[in-house]
Amino acid sequence: MLAGLIFATEDAEDRAGTLAETLPFGGLTLIEFQARLLIAAGATQIVLAVARMTPGLLGAISRIGRRGVTVDAVRTAAEAVETLHPLARVAVVADGVVTTGDTVALLAAERGDTLLVADDGDDRFERIGVSTAWAGLALIEVARIKDVAAMPHDYDFQSTLLRIVAQSGARQIRLPKSAESTHGIERDSQALARWGNAIVATLMARPVRWADRYATALPARLSLPPLLARGAPSWAFSLGAAVAGLGGLAAILSGWLAIGLVVLLAAMLLATIGHTLAWLRDEALPARLLAVAAPVMAAASLLAVGGATHSALGWALALGAVIAGGLVERIALAAWPHRWWSSLTAAPIVMLPFALFGYPLVALGAAGLYATATLAAAIETLIEKP
């Protein structure tokens, strides 16, 4: 089993009395973000090495526990040994470490004692050689923590553990060059906020298909940093998406096709932003609902345009486009999608030019034909896929 040991002992550089690990980071606190990375790498237990308990730390512990893992706070190596399973592999995260899931996963895949190292260019990294410094992540056996527990109690837990692991002949792996811009140690609140915005932006999904990528994901990613900085609530975007979505559908059914489609596109963007904020803050139910809100609204736009035609042909075209679009959503991800492929998100965009000139049937036909062509390409790709 994999366990995580996170050190949370140092104060923030610009906030006296506040632990650096409890500073805001990408809509969470830094320690929650670190725990999230460890859990994603397979950790089933999180142990926090602390010097004192603070209200911010207690709140973070409670929120980490909601992810279905065991969370314990310890003050000494002896307490950590009692808490950890004797056969556990322990991923160690130094105080103030900022990193990404790829870097944690790289370390978690190792076997035996392993240290992540970097060139001795950052004085925040602890030096372990003439020109080598510890990059703040390690994978160790519980026996190494037992070695620390056997020493006198006036030691610094983190530094002593590092020395013992390094002197025991632990394997050293180099921090990848590609990760240098997203890995470091930081305890300044403003700098952490900037790190958080940059790293969270890299966590956001970048869909392959053009409509999902450029109509919703890209604007959402660009708007995320200022929203996180202001603590924007996800419920506000959920409410905005619902109101805009209903308004857009009402406009379409009233004959204002182009206006309604534009408003629906705005609602889909609001839903995507709300989903991202809810996902970052572990708001499980809103995140699940908002994840399907944009495609549901896109499908509703097809049906609304079909209803606005007041004809059986319009309804038939709308239903055909919805069915083809739904099948594309089911198949495309398993078929290595291409940038030009359709998606439900693309439907209101494809219909908009025709709606502007008052051709709803042509708009529905174009959306349906595009979805059908994509469906055929996806099926062909699946057949040829080894």
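What are the residues in the range 130-149 that are modelled with pLDDT under 90 and touching a strand residue (DSSP E or B) at 6+ places or on another chain (Cβ under 8 Å), if any?
If the condition is that a residue be modelled with pLDDT under 90 and touching a strand residue (DSSP E or B) at 6+ places or on another chain (Cβ under 8 Å), then 131, 132 are the ones that fit.
Taking the range 68-83 on its own, how many of its residues are part of a strand (DSSP E or B) and out of contact with any helix residue (DSSP H, G or I) (no Cβ under 8 Å at 6 or more places or on another chain)?
Applying the first criterion (part of a strand (DSSP E or B)) to the range 68-83 yields 70-74.
Among the residues that remain, those that are also out of contact with any helix residue (DSSP H, G or I) (no Cβ under 8 Å at 6 or more places or on another chain) are: 70.
Number of matching residues: 1.
Would you mind listing the helices (runs of 4 or more DSSP H) fully within the range 186-257 where at least 3 residues are farther than 22 Å from residue 342 by Cα, open to solvent by 40 Å² or more (accessible area, probe 1.4 Å) and modelled with pLDDT under 85?
189-203, 218-229
Of all residues in the range 110-145, which are assigned to a loop (DSSP other than H, G, I, E, B) and of a type outside the set (Val, Ile, Thr)?
Selection gives 110, 111, 112, 113, 120, 121, 122, 123, 124, 125, 129, 131.
If you go through the range 38-63 one residue at a time, how many are under 14 Å from the mean Cα position of the chain (by Cα) and closer than 17 Å to residue 283 by Cα?
Total satisfying the criteria: 2.
Restricting the range 138-158 to residues that are surrounded by 12 or more Cβ atoms within 10 Å (Cβ to Cβ) and small (Gly, Ala, Ser), which is nearest to residue 10 (Cα to Cα)?
Result: 138.
Does residue 107 satisfy the criteria of being more than 20 Å from residue 157 (Cα to Cα), in contact with a strand residue (DSSP E or B) (Cβ under 6 Å, 6 or more places away or on another chain) and either open to solvent by 70 Å² or more (accessible area, probe 1.4 Å) or not in a strand (DSSP E or B) (or both)?
In short, yes.
State the number of residues belonging to the range 1-15 that are open to solvent by 20 Å² or more (accessible area, probe 1.4 Å) and either in a helix (DSSP H, G or I) or more than 16 Å from residue 90 (Cβ to Cβ) (or both). I'd like the intermediate steps shown before the answer.
Initial filter on the range 1-15 (open to solvent by 20 Å² or more (accessible area, probe 1.4 Å)): 1, 9-11, 13-15.
Still in the running and either in a helix (DSSP H, G or I) or more than 16 Å from residue 90 (Cβ to Cβ) (or both): 9-11, 13-15.
Residues in the range 1-15 being open to solvent by 20 Å² or more (accessible area, probe 1.4 Å) and either in a helix (DSSP H, G or I) or more than 16 Å from residue 90 (Cβ to Cβ) (or both): 6 in total.
Which residue out of 337, 348 is surrounded by fewer than 23 Cβ atoms within 10 Å (Cβ to Cβ) and either in contact (Cβ under 8 Å) with a residue 12 or more places away in the chain or at negative phi (or both)?
337
Of all the residues that make up the range 68-92, how many are open to solvent by less than 80 Å² (accessible area, probe 1.4 Å) and either basic (Lys, Arg) or on the phi > 0 side of the Ramachandran plot (or both)?
Total satisfying the criteria: 2.
Consider residue 272 carefully, then state whether it is assigned to a helix (DSSP H, G or I) and open to solvent by 20 Å² or more (accessible area, probe 1.4 Å).
Answer is yes for this residue.
What number goes with the only condition from (1) farther than 30 Å from residue 30 by Cα; (2) modelled with pLDDT under 95 that residue 286 does not pass?
Every condition holds for residue 286 apart from (1).
So which residues in the range 16-67 are part of a strand (DSSP E or B), open to solvent by 10 Å² or more (accessible area, probe 1.4 Å) and under 23 Å from residue 226 (Cα atoms), if there are any at all?
24, 28, 29
If a residue must be within 16 Å of residue 39 (Cβ to Cβ) and not β-branched (Val, Ile, Thr), how many such residues does the range 50-83 contain?
Within the range 50-83, residues that are within 16 Å of residue 39 (Cβ to Cβ) and not β-branched (Val, Ile, Thr) number 8.
Among the residues of the range 110-135, how many are open to solvent by 30 Å² or more (accessible area, probe 1.4 Å), closer than 23 Å to residue 44 by Cβ and touching a Lys or Arg at 6+ places or on another chain (Cβ under 6 Å)?
0
State yes or no: is residue 319 closer than 12 Å to residue 364 by Cβ, open to solvent by 40 Å² or more (accessible area, probe 1.4 Å), modelled with pLDDT of 90 or more and assigned to a helix (DSSP H, G or I)?
yes
Any idea which of (1) in contact with a Pro (Cβ under 8 Å, 6 or more places away or on another chain); (2) surrounded by 20 or more Cβ atoms within 10 Å (Cβ to Cβ) is the one residue 360 doesn't satisfy?
(1)
Report, ordered by the first and then the second residue, all pairs with beta carbons closer than 7 Å, sequence separation of six or more or different chains, a first member in the range 254-281 that is under 19 Å from residue 212 (Cα atoms) and polar (S, T, N, Q), and a second member that is modelled with pLDDT of 90 or more and in a helix (DSSP H, G or I).
Pairs found: 272/294.
The values are calculated or read from the model by the stated rules, or taken from the named source; none is laboratory data. Not measured: the values here are computed from a predicted model. Note: ideal-geometry Cβ built from the backbone for every residue, glycine included; neighbour counts use all protein chains shown. Calculation scope for accessible area: heavy atoms of the full protein, side chains included, ligands and nucleic acids excluded. Shrake-Rupley method; radii C 1.70, N 1.55, O 1.52, S 1.80 Å.
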